[in-house]
Amino acid sequence: MTNVLLRYTNLVLVTLFILSLLSFILAYLFPGEAVENLTGLRLNELTAMQNSALMYSADDNIFVQYWHYIGELFAGNWGVSFSSGLPLYEDVGHYLPASIELSAYALFLSFFIGLPLGFIAALRHHKLTDYSLLSVSLLGYSIPVFWLALLLILVFSLQLGWFPLSGRISLLFEIPSITDFIIIDILLSDSIDKQAALISAFRHLILPTLSIAVVTTTLILRITRRSVIETLNSEFILAAYARGLTPRQVLMRHGIRNALIPILPLLAMQFPTLLTNAMIVESIFSWPGIGNWLIQAIYQQDYPAIRAGMLAVSVLVVIFTMSIDLTIRLTDPRRRRAERATT
Amino acid sequence: MNILKKHNKNTGFKTPLIILVCTLLCACDALLQSKTDPNGIIYCSEGSPSNFNPQLDTSGTTVDASSHQIYDRLIDFDPVTGDIVPALATSWLVSDDGKTYTFQLRQEVSFHQTQTFTPTRFFNADDVLFSINRWRLVDHPYHDISGGRYTYTDSLNLRGLISQVKRINGYRIEITLHNPESSFLANLATDFAVILSAEYADKLISRNQKELIDYKPVGTGPYQLASFRQDRYIRYTKHPEYWREVELTDKLIFDITPSSSLRLAKLLTGECDAIALPAHSELEVIRQQENLVLDEKPGLNIGFWAFNTSKPPFNNPQVRRALGMAIDKNALIEAIYFNSAIPAKNIVPPTSWAFLADVRPLSYNPIAAIKLLREEGIPEDFSMTVWAMPVQRAYNPNAMKMAELIQAYLQVVGIQVNIISYEWSIFRERLTEGLHDSVLIGWSADNGDPDNFYRPLLSCAAIESGTNRAMWCSDEYDLLINKALQYTEISERTYFYGKANELLAEQLPLIPIAHASRYQAHRKELDGLVINPYGGVRFGGVKKH
């Protein structure tokens with residue numbers, strides 16, 4: 001147990017070190033002065049800031065510079081954006097929650113739809129239900145996310161006028177940003193018509209969530225289906241039937257849990273895909289998230305912002321994937337056994 | 001296989017499924033039916049203002065966001081007739097020698113009450129003095145705040161024109177000029193001559209927060225600023241004690257949407273009630289929609305390609321001429337403006353009386369251009385930059401695409417073009433520093449007086465104030481446009497402007513490209529929004545049904 005924990009912590013630390021190194025080197029690879037790319041301040045402005053804490057001691061050698069860089073990163077001094085002049089740390093803090101929120105809802109939605117459908121498909125293996133679900137999922141998996149998003153906008157926003165096509169909530173609602181998660185912020189605020197605000201927020205959520213969820217849902221469906229089929233074909237299921245349990249009891253007591261365990265690590269691997277899709281969808285729905293923000297930064301050649309945004313997103317992905325992996329490692333008895341066998 | 005078949009009897013899904021579907025349907029019903037949005041108007045604007053004081057910034061975005069929403073002026077232009085009408089000044093008197101202007105001020109006009117400032121008095125002469133002296137007197141405590149560049153007034157050299165601003169009593173002021181100038185009243189009615197609160201300024205001095213005056217503004221206008229988030233939105237609330245008896249809505253929101261197709265889409269779905277600058281390619285779509293209204297007016301503007309004449313080889317008029325001959329203006333207009341603009345000959349549009357029809361425009365002739373370039377010693381593979389505005393303007397709806405077309409044209413004559421663009425406020429800052437070789441930009445006039453084109457665009461004083469994008473300074477030109485102002489008869493002024501037009505056609509500090517029509521699109525429910533040919537959008541008196 002401690003061994004596993006240590007090994008994972010080590011792995012995370014090494015990965016984070018490489019990421020920070022990469023983001024530091026990026027500042028040198030981008031056009032322009034490295035100091036400018038690191039601080040976001042132009043050289044002429046920098047001289048005025050000579051005495052401030054925000055200096056990367058440009059005269060020292062590169063290792064000392066990197067050391068200072070890490071120090072500033074932890075202190076929350078990520079520099080400022082070239083284009084807006086706002087501090088990047090606060091900006092990322094505002095925009096990242098919006099992306100996490102969108103991805104989380106999409107992930108939940110995918111679970112709620114994908115898992116049951118996967119089970120249904122597996123239980124009706126080689127039947128019409130199975131085949132139709134499989135073909136639909138193949139279709140969903142093959143549709144490019146940005147195209148699906150545009151299609152949804154075209155049909156549900158522009159033609160039918162059911163749902164809005166941009167933003168998180170109608171701007172007429174003034175929601176004070178406390179956590180930067182819109183639903184939580186609405187529930188925390190007290191000066192507004194909560195019900196109307198919630199409805200408005202949900203209306204804004206539906207299309208972007210759907211567009212991201214489609215791909216993940218089909219993935220979950222296919223993974224679940226395969227896993228359930230494999231589980232139901234294994235010997236312990238046969239043994240359960242031999243003990244005289246009804247099909248329902250077999251599924252509930254032995255099928256579901258054993259089918260779900262191998263699914264989870266595979267799902268954790270989907271998180272980066274989910275986030276990537278979310279970033280694309282964000283820019284289509286003008287969702288004020290980190291993806292939209294990064295794309296703007298790239299468009300405006302805002303190197304400090306690109307550096308900070310990429311670092312923040314990759315750190316998030318690394319930590320999320322690693323912690324899911326770790327949870328599985330610690331909870332899955334089969335994995336544990338395998339470990340003992342090898343050591 | 002046998003085992004799997006047994007599961008087919010499992011029908012336990014049905015009841016929860018039915019319940020789930022019912023809940024979903026109810027939820028959908030609630031989501032689709034809801035029309036409980038709070039009362040307010042959403043305007044989709046094209047960019048973030050750099051501050052909320054139009055004295056400091058001539059950009060249309062800043063003017064739209066502040067001038068007619070937050071502030072009032074002494075006098076206004078009537079948007080329909082173009083006449084000068086009373087605003088904060090109820091009446092005015094011009095002395096016989098044309099040098100002294102006396103304004104009688106309106107009483108019981110209140111300023112905005114914000115979270116940090118509660119006005120204790122009504123608007124009076126002190127506020128007018130403060131607002132004018134801020135840009136007029138270099139040693140004024142507020143002169144250097146927020147950069148201290150008063151682009152508009154500096155470009156017209158109003159500081160040098162006014163000899164004295166005097167308070168006669170609490171509600172009467174007198175402005176004395178050094179010499180009579182026929183466009184002075186028109187200048188006071190522009191979007192830039194806003195009236196700030198002197199009491200608020202004093203408060204800020206005592207709190208040592210002077211710079212807030214331009215970022216957390218206080219004015220007398222119909223709406224007051226509630227909050228602003230860069231690149232996201234600007235929120236205004238109603239000024240409950242606005243002096244004009246016009247209809248106001250509780251909330252006014254500028255939804256900052258840089259992409260014009262997205263603005264149109266939001267207009268279609270009703271997420272915006274009105275949009276800024278509909279793209280010329282989309283006008284047809286708007287016309288076909290039943291619930292949208294498209295207004296059109298000939299514009300007082302000019303889109304041009306200016307060369308940085310302070311940099312060789314662009315200081316050579318022959319090089320500028322050759323570059324002008326290398327591009328096909330008509331093709332540009334067709335591709336960028338979709339024929340909702342006319343090719344420009346002068347820097348003033350044909351609707352202006354200063355327009356000179358018999359200036360021969362440059363004709364498209366790449367062969368002659370190459371020849372001329374070689375004669376002037378420009379080598380093959382010469383490389384230059386074309387700066388393209390990152391935002392759309394009525395005078396140039398797509399500078400980026402225009403830059404790409406110009407890039408292709410100049411390639412033919414052996415010139416490599418690098419296209420450069422920055423975020424809008426940084427873009428203008430660097431232009432003022434003169435870092436460009438050439439730039440695609442333009443100008444929208446703020447009043448009907450032609451001086452409003454000639455002086456800010458090309459006079460020597462305008463280099464310093466940052467509106468002379470060509471960095472061009474000619475004594476002869478300055479003399480001509482100054483002469484033109486000393487006369488009140490239009491026929492006399494036309495003579496001097498004609499001479500100035502000829503000089504420009506010969507020197508070509510900039511190549512005029514087009515005069516675009518102005519369009520404004522809004523939903524049918526919105527009532528009272530009119531195109532203001534003299535500048536920014538006005539939401540006072542606009543109501544949603």
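The values are calculated or read from the model by the stated rules, or taken from the named source; none is laboratory data. What you see is a predicted model; the values in this text were computed from it and never measured. Cβ: placed from backbone, ideal geometry, glycine included. Neighbour counts: every protein chain shown.
The residue that is modelled with the highest pLDDT, among those in region B:418-453 that are among the aliphatic types (A, V, I, L, M), surrounded by fewer than 20 Cβ atoms within 10 Å (Cβ to Cβ) and touching a helix residue (DSSP H, G or I) at 6+ places or on another chain (Cβ under 9 Å), is B:I419.
Against the test of being in contact with a Phe, Trp or Tyr (Cβ under 7 Å, 6 or more places away or on another chain) and more than 26 Å from A:P116 (Cβ to Cβ), the options A:I199, A:I186, A:I153, A:I192 yield a single qualifying residue, A:I192.
In region A:177-260, counting only helices (runs of 4 or more DSSP H) that sit wholly within it, the ones holding 1 or more residues that are farther than 23 Å from A:I100 by Cα, touching a residue at least 40 places away in the same chain (Cβ under 8 Å) and over 31 Å from the mean Cα position of the chain (by Cα) span A:194-232. If you go through region B:511-543 one residue at a time, how many are in a strand (DSSP E or B) and within 18 Å of the chain's Cα centre (by Cα)? The total comes to 7. Considering the conditions (1) under 30 Å from B:D76 (Cβ atoms); (2) touching a strand residue (DSSP E or B) at 6+ places or on another chain (Cβ under 7 Å); (3) among the aliphatic types (A, V, I, L, M), B:L485 is excluded by exactly one of them, (2). Evaluate the following for B:N365: is it closer than 30 Å to B:K499 by Cα, among the polar types (S, T, N, Q) and crowded, with 23+ Cβ neighbours inside 10 Å? Against the criterion (closer than 30 Å to B:K499 by Cα, among the polar types (S, T, N, Q) and crowded, with 23+ Cβ neighbours inside 10 Å), B:N365 does not qualify. Which condition breaks for A:K194 when tested against (1) under 27 Å from A:S132 (Cβ atoms); (2) within 12 Å of chain B (Cβ to nearest Cβ)? A:K194 satisfies every listed condition except (1).
Pairing each residue of region B:226-242 that is within 13 Å of chain A (Cβ to nearest Cβ) and within 22 Å of A:I290 (Cβ to Cβ) with any residue that is β-branched (V, I, T) and part of a strand (DSSP E or B), provided the two are 6+ apart or on different chains, yields C-beta distances under 7 Å for B:F228/B:I234; B:D231/B:I256; B:R232/B:I256; B:Y233/B:I253; B:Y233/B:I256.
Would you check if B:M471 is on the phi > 0 side of the Ramachandran plot, at pLDDT 90 or above and either more than 15 Å from the chain's Cα centre (by Cα) or crowded, with 17+ Cβ neighbours inside 10 Å (or both)? Break it down stepwise before answering.
On the way: on the phi > 0 side of the Ramachandran plot: yes; at pLDDT 90 or above: yes; either more than 15 Å from the chain's Cα centre (by Cα) or crowded, with 17+ Cβ neighbours inside 10 Å (or both): yes.
Criteria met by B:M471.
Filtered by the rule that a residue be aliphatic (A, V, I, L, M), under 14 Å from B:G324 (Cα atoms) and assigned to a helix (DSSP H, G or I), region B:498-510 gives B:L504, B:A505.
Going residue by residue through region A:147-159, is there one that turns out to be surrounded by 18 or more Cβ atoms within 10 Å (Cβ to Cβ), within 21 Å of the chain's Cα centre (by Cα) and more than 14 Å from chain B (Cβ to nearest Cβ)? Yes, region A:147-159 contains at least one residue that is surrounded by 18 or more Cβ atoms within 10 Å (Cβ to Cβ), within 21 Å of the chain's Cα centre (by Cα) and more than 14 Å from chain B (Cβ to nearest Cβ). Of the listed requirements (1) surrounded by 22 or more Cβ atoms within 10 Å (Cβ to Cβ); (2) within 27 Å of B:H280 (Cα to Cα); (3) not polar (S, T, N, Q), B:L458 misses just one: (2).
Please work out which residue is farthest from the other protein chains (Cβ to nearest Cβ), limiting yourself to region A:254-309 and to residues that are closer than 20 Å to A:S20 by Cα and charged (D, E, K, R). Among residues in region A:254-309 that are closer than 20 Å to A:S20 by Cα and charged (D, E, K, R), the one farthest from the other protein chains (Cβ to nearest Cβ) is A:R307.
With the structure loaded, tell me whether B:L248 is farther than 30 Å from A:F82 by Cβ, more than 21 Å from the chain's Cα centre (by Cα), more than 9 Å from chain A (Cβ to nearest Cβ) and of a type in the set (A, V, I, L, M, F, W, C) or whether it fails that test.
yes
Checked against (1) aromatic (F, W, Y); (2) surrounded by 15 or more Cβ atoms within 10 Å (Cβ to Cβ); (3) within 12 Å of chain B (Cβ to nearest Cβ), A:F111 meets all criteria but (3). If a residue has to be within 14 Å of chain A (Cβ to nearest Cβ), outside any helix (DSSP H, G or I) and crowded, with 17+ Cβ neighbours inside 10 Å to count, how many in region B:274-306 make the cut? Final tally of qualifying residues: 3. Under the condition of being of a type outside the set (V, I, T), out of contact with any Pro (no Cβ under 9 Å at 6 or more places or on another chain) and away from chain B (no Cβ under 14 Å), the residues counted in region A:160-191 number 2. Within region B:143-174, the set of residues being touching a Phe, Trp or Tyr at 6+ places or on another chain (Cβ under 8 Å) and assigned to a loop (DSSP other than H, G, I, E, B) comprises B:H143, B:Y150. Across region B:525-545, the qualifying residues are those that are farther than 19 Å from B:D250 by Cα and of a type outside the set (A, V, I, L, M, F, W, C), and the one among them that is modelled with the highest pLDDT is B:G536. Among the residues here, B:E271 qualifies as facing another protein chain (nearest Cβ under 9 Å), under 25 Å from A:W162 (Cβ atoms), in a loop (DSSP other than H, G, I, E, B) and not small (G, A, S).
So that you can scan it fast, the table gives a plain yes or no per residue for (1) surrounded by fewer than 17 Cβ atoms within 10 Å (Cβ to Cβ); (2) not in a helix (DSSP H, G or I):
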{"position": "B:Q55", "(1), (2)": "no, yes"}
{"position": "B:A65", "(1), (2)": "no, no"}
{"position": "B:V80", "(1), (2)": "yes, yes"}
{"position": "B:G98", "(1), (2)": "yes, yes"}
{"position": "B:Q107", "(1), (2)": "yes, yes"}
{"position": "B:F111", "(1), (2)": "no, yes"}
{"position": "B:T116", "(1), (2)": "yes, yes"}
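B:I253 satisfies every condition listed in (1) surrounded by fewer than 21 Cβ atoms within 10 Å (Cβ to Cβ); (2) closer than 25 Å to B:P38 by Cα; (3) within 10 Å of chain A (Cβ to nearest Cβ) except (1). Evaluation of B:G377 against the conditions (1) part of a loop (DSSP other than H, G, I, E, B); (2) surrounded by 21 or more Cβ atoms within 10 Å (Cβ to Cβ) shows that the sole unmet condition is (2). The requirement of being more than 21 Å from A:F82 (Cβ to Cβ), more than 14 Å from chain A (Cβ to nearest Cβ), in a strand (DSSP E or B) and not hydrophobic (A, V, I, L, M, F, W, C) is satisfied by B:G442. Where residues in region A:127-146 are free of Cβ contacts under 8 Å to residues at least 40 places away in the same chain and outside any helix (DSSP H, G or I), which of them is farthest from the other protein chains (Cβ to nearest Cβ)? Only one residue tops the list, namely A:P144.
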